[in-house]
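Some notes on the structure that comes next.
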Amino acid sequence: MTIPTSSTAQVIPGQGAMAAPEAAKPAKAKRQRFLFLKNKKAAFGLIILGLYVLFAIIGPWITPYDPDARSNDLVQPPSADHWFGTTHLGQDVFSQVLDGTRPVVFVGFLAGTIATVLSVIIGITAGYLGGKTDDTLSALSNVFLVIPAIPLMIIITSILDNASNLLIALIIGLTSWSWNARVLRAQTLSLRRRDYIEASRATGEKTWRIIGFELLPNLTAVIASGFIGTVIFAVLSLITLAFIGIVSAAGWNWGTILFWAQGQQALAQGAWWWFVPAGLAIAFLGTALSLINFAIDEFVSPRLRSAGKTKLKTASGGTVRMRIGFTPVLSNSPEPHTRAQIHPDAMTPVAREATK
Amino acid sequence: MKYFLQRIAFYLFTAWAAITLNFFIPRLVPGDPVQSLIAKFRGQLSTEAINSLYVLFGLDDNKGLWAQYVDYWKQLFQGDLGLSFTFFPSPVADIIGDALPWTVLLVGITTVISFLIGTGLGVFAGWRRGSWTDGLLPVTTFFSSVPYFWLGIIAIYLLTGPDSFFPSSGGFDSSLVPAWDQYFIPSALQHSLLPALTILISSVSGWILSMRNMMVTVSSEDYITVAHAKGLSERRVAVSYAARNALLPNISGFALSLGFIVGGTLLVEIVFSYPGLGFILLQALGAKDYPLMQGIFLVITISVLVANLLADLAYLLLDPRTRKEG
Amino acid sequence: MEPVLEIRNLNVEYGLGDRAVRAVRDVNLTLHRGEVLGLAGESGSGKSTLAYGLTRLLAPPGVITGGEVIYHPEKGDPYDVLGLSDKALRAFRWAETAIVFQGAMNSLNPVHKISTQLTDVLKAHDPNMSEHSRNARAREMLKLVGISPDRMDAYPHQLSGGMRQRVMIGMALILQPQVVIMDEPTTALDVVMQRQILGQLIELRERLGFSVIFITHDLSLLVEFSNRIAIMYGGRIVEEAPASTIYRDALHPYSKGLLSSFPALRGPRRELAGIPGSPPDLAGMPTGCSFHPRCPKAFEPCSTHIPVLGRPDSPDGAARSVACWLHPTEQPVG
């Protein structure tokens, strides 16, 4: 259950470079968007995510077995007939995992959308309008941030007996918008003081136009990153709720598979195939989404980009590393300079030590 | 000092909001849970207990909502969280009182250790960019995408068994009676190792990553170049200049994400049948034990608030800019 | 005059391989003992890169691709700073060349007291110094730059911008270096404060006898406060001469353009005019003289051949150098 900690810096105004991302100039935006796809992390993450979305759409149609259908192959290890083995009732785990993709992706994206819309409305309003509105909305999002979301979700879901996937998405979305709202508020605050926004305000442009045409385009990356973060969180929340067995009515998902595996002592029976595929499915989806988010972070704050090639060959054949504080020197004087004697009196004690 | 008072005011407000939320939640419950409970424990409930339940569930038709709210606060101040259905007739407060130390010790200590280790590794990864530590990042990303409880299941599968050092469930050896003695404490420690390791592995990567990113951001600040120009040792520049500044936003992040972490750790307790709040919550859910659920939610929220307050205090000590003279 | 620091054929690039950008090109420059050498140019001309390159302080992806920086210590033989080991370089830094950075706001570590930041440099260079004498020295430096020593325990955010920059100057002088590099030291301050601080620095220089490399885009400040001025364009030095000579009789059209873009503080009134066009993109430098697309006097050789920095054929030619086809040079410098 991690949150997009990489955006920590965005939350604390005035800390770090992320507090003021380079506002992409409109003319450059197209080229940069193209560059974003060139980022290896983004490309890899998007491909995996695409596969998940594909399976979410076609999964239930291509399952080799009905995920509920029982058979006589009880608790069988993976085989040609049952790729991921079978459960205590002889159900095909592979079909369950495939069938369970749709609700996970559905809840993840719906909850992510709800939370993002809420956070955009609340965060930007607070940051742009300031004053009392800001105080009230900030207090509200801070309260939601501090109240532990998972226990709250668990209790609400358990009270609303047999909640549907739609309802679960709604609950997750309504309880997980606060982090993004905070990030967006901080970003809006810093953007609002920029010259071009001030200029639009001074020329009497309408507030909704400024927000819609000047602010939002510059917040796209931050909003996208928040959306992805919430999708990760929503997926994990759904799995959690399903694992403790309070959404059993909502059909198969990976959490439900784990719930049955745990309840039927899959561990004690050594049936690793029962819980490993579902867990890996979650982990790979989470990894893909995280990679996309790293790419967005690097896109917004170029300093975070991994340093690329950092080892250099010098003229004399040695290697030096690029690092802060000691700029590499590739080639020195053509004629080798004799290391001269420095008069000891002219040096600090450490220099004396260093030249010995 | 003003900063600190503001924070306290905020936490009091949040506590009030959580308690009020807690007051309204059971009023969403369809039907009359008290009636079914009375039926279940026919003759065993005292009139007083039934009244207390009605106040708790807001089914006291004779009173308006406001009067109910006042009664609820009165009960709360007496430490009365109602009676548990599952462990009838134990008061909820007693059950939570038994479970809380387990959770606080396991989750509290592990989270702090995880933060310290992750921050330390993050300092290293951020300072030595391009070294082998960058290769760790994909691994840590993968681990942070795995649900805590699933990692717990895998740990149980791989590491426990009849001959293993690690017990697969419980908080202590069932033949022992909880006491502060030389038998019980080692047993409790042994039982907490695997859950702690699970929480550690899945939560540490988040801290590594965020600290690394903060280090990278801070490393290009002017004062780092100045520190290098001054000819200070690498160690002093990295620790006293870069890490010391990068730590501040990470502490804020730590405070803010506690609420999220606690949710994940409750599930670890469930997987390991560890006698903390999460395990009790599971039982309460199974039995539709609303008073116990509410009590647990309240206690978790207050604990997170207290932890936040402590993190704020640490921030206050570390950042001179929040301190005002006098 | 005796040299303190000789820069020879220094080349600095950003990035690696094909995408590398040459920010400093074949720069030759000599700083003499006790003088204030001004380094002027628009942003992107390479003046700050040159200053940070001297002591290998450029952040990645900066790379020094060639050249030498010869330092002449007060006693002993000269040596190449770029050839020092990390350990020796660390010991060299601040003890021999200190830097006052651009933007006093961020040059001080926000979480440590002024006293800590003043004394840690003493501790790093002289571990045997007692804590008492370190503190005494720090107080002395604060007094020297006109800050009450009881501000020792203050944090940077508790000081004004001017005070912070004074602290930085005091910090720069604490080890009595031979060379002080000042990179836009007063840009963030108001005009009154600028002059006050610079005046104080010049006075300190006379008292303590260090040399200064003063980098700024503000040529008027240089004319007033420096002995000699070097003007950079597109990573090269295009003209170098005594300050008064530059002011009276600049030879390079770019220097003339820079001079006419600010009002004269003393002397006769002049007409104000900017330089048309914008500084060149370092990644796509024009062929020939890099200034030729903006130069009002460009003629045939300018777009194809790079002019070499050398002594112009003029009466005062011995004391100055220029790189321009309008002024054929007798011999290259360096």
Completion exercise
Shielding of C:73-83 by other chains, given as the mean Cβ count within 10 Å, works out to 6
Problem - MRE, 222 nm, helices only [DSSP H, n ≥ 4, -39500 (n - 2.57), over chain C, to nearest 500] - result: -8500 deg cm²/dmol
Problem - Inter-label distance, nm, simple model (7 Å from Cα along the C-beta direction), B:Leu317/A:Thr220 - result: 4.6 nm
Problem - Straight-distance crosslink candidates among aspartates and glutamates, where the alpha carbon sits under 19 Å from C:Lys123 and sequence neighbours closer than 8 are dropped - result: A:Asp345, A:Glu353, B:Glu234, C:Asp86, C:Glu96, C:Glu131, C:Glu140, C:Asp153
Exercise for the section: Have a look at chain B and give its Rg and Dmax from the Cα atoms, expressed in angstrom. Expected result: 23.9, 82
Practice task
Can you tell me the dipole magnitude for chain B around its Cα centre, using point charges on the Cβ only (Lys, Arg +1; Asp, Glu -1), in Debye to the nearest 20?
Solution key: 1060 debye
Fill in the blank from the handout: Among B:Pro186, B:Ala287, B:Ala307, the residue whose Cα sits farthest towards the positive end of the charge dipole of chain B, when +1 is placed on the Cβ of each Lys and Arg and -1 on the Cβ of each Asp and Glu, is B:Ala307
Handout entry: chain C: angle of helix C:131-144 to the longest principal axis, Cα-based, in degrees nearest 10
Key = 50 degrees
Completion exercise
Sorted largest first, the C-alpha extents of the range C:27-176 along its principal axes in whole angstrom are 46, 38, 31
Practice task
Between B:Leu189 and B:Tyr69, take the C-beta separation as r, use R0 = 41 Å, and let me know the FRET efficiency to the nearest 0.05.
Solution key: 0.40
Practice task
Roll a 1.4 Å probe over the protein chains and send me the accessible area per residue for the range A:35-307 in Å².
Solution key: 40 Å²
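Just round it to a whole percent: the fraction of Cα-Cα distances in chain C exceeding 39 Å.
15 percent
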Exercise for the section: Mind checking which of C:Gln158, C:Leu175, C:Met129 is farthest towards the positive end of the range C:105-176's charge dipole, using Cβ charges of +1 (Lys, Arg) and -1 (Asp, Glu) about the Cα centre? Expected result: C:Gln158
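Is the C-alpha gyration tensor of the range A:182-311 telling us rounded, prolate or oblate? Criteria: a/c under 1.5 is rounded; beyond that, a/b larger than b/c is prolate, otherwise oblate. Walk me through the numbers before you get to the answer.
Numbers: a/c = 5.24, a/b = 2.14, b/c = 2.45.
In terms of gyration-tensor shape, oblate.
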Completion exercise
Probe 1.4 Å, protein heavy atoms only: B and C together bury a total accessible area in Å², to the nearest 100, of 2100 Å²
Fill in the blank from the handout: Using eta = 0.692 mPa s and T = 37 °C, Stokes-Einstein with Kirkwood Rh from Cα pairs puts D for the range C:105-176, in µm² s⁻¹, at 275 µm²/s
Completion exercise
Square roots of five times the C-alpha gyration tensor eigenvalues of the range A:35-307, ordered largest first and given in whole Å, equal 42, 21, 14
Handout entry: Zero-based 10 Å bins, Cα pair distances in the range B:211-277, whole percents
Key = 19, 32, 19, 17, 11, 2
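What's the Kirkwood radius of the protein assembly as shown in Å, using all Cα pairs?
32.5 Å
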Practice task
Please report how far the C-alpha centroid of the range A:190-206 lies from that of the range C:163-240, rounded to the nearest whole angstrom.
Solution key: 37 Å
Problem - B:Leu158-A:Leu166 pseudo-label distance in nm [points 7 Å out on the Cα-to-Cβ vector] - result: 4.2 nm
Completion exercise
In this structure, among C:Lys75/C:Lys113; B:Lys230/C:Lys256; A:Lys132/A:Lys206; A:Lys132/B:Lys288; C:Lys143/C:Lys256; B:Lys2/C:Lys143, pairs with alpha-carbon gaps over 30 Å are C:Lys75/C:Lys113; B:Lys230/C:Lys256; A:Lys132/B:Lys288; C:Lys143/C:Lys256; B:Lys2/C:Lys143
Practice task
For the range A:217-281 and the range B:115-191, compute the distance between their C-alpha centroids and round to whole Å.
Solution key: 21 Å
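Rounded to the nearest 100 Å², what's the accessible area chains A and C bury against each other, both chains counted, probe 1.4 Å?
Roughly 2900 Å² of accessible surface disappears when A and C pair.
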Problem - Whole-Å distance, taken between Cα centres, linking the range B:273-307 and the range C:64-82 - result: 70 Å
Completion exercise
Taking protein heavy atoms only, a 1.4 Å probe, and rounding to whole percent, the accessible area of the range A:35-307 owed to carbon and sulfur comes out at 65 percent
Practice task
Compute the Kirkwood hydrodynamic radius of the range B:189-241, taking the inverse of the mean of 1/r over all pairs of distinct Cα atoms, and give it in Å to one decimal.
Solution key: 13.5 Å
Practice task
Send over the Kirkwood Rh of the range C:28-71, from the inverse of the averaged 1/r over different Cα pairs, rounded to one decimal Å.
Solution key: 12.0 Å
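The values are calculated or read from the model by the stated rules, or taken from the named source; none is laboratory data. Bear in mind the structure is a predicted one, so any value in this text is a computation, not a measurement. As a convention, Cβ positions derive from the backbone with ideal geometry for all residues, glycine included, and neighbour counts pool all protein chains shown. Heads up: the accessible areas ignore ligands, DNA and RNA and are worked out on the full protein's heavy atoms, side chains in. Shrake-Rupley method; radii C 1.70, N 1.55, O 1.52, S 1.80 Å.
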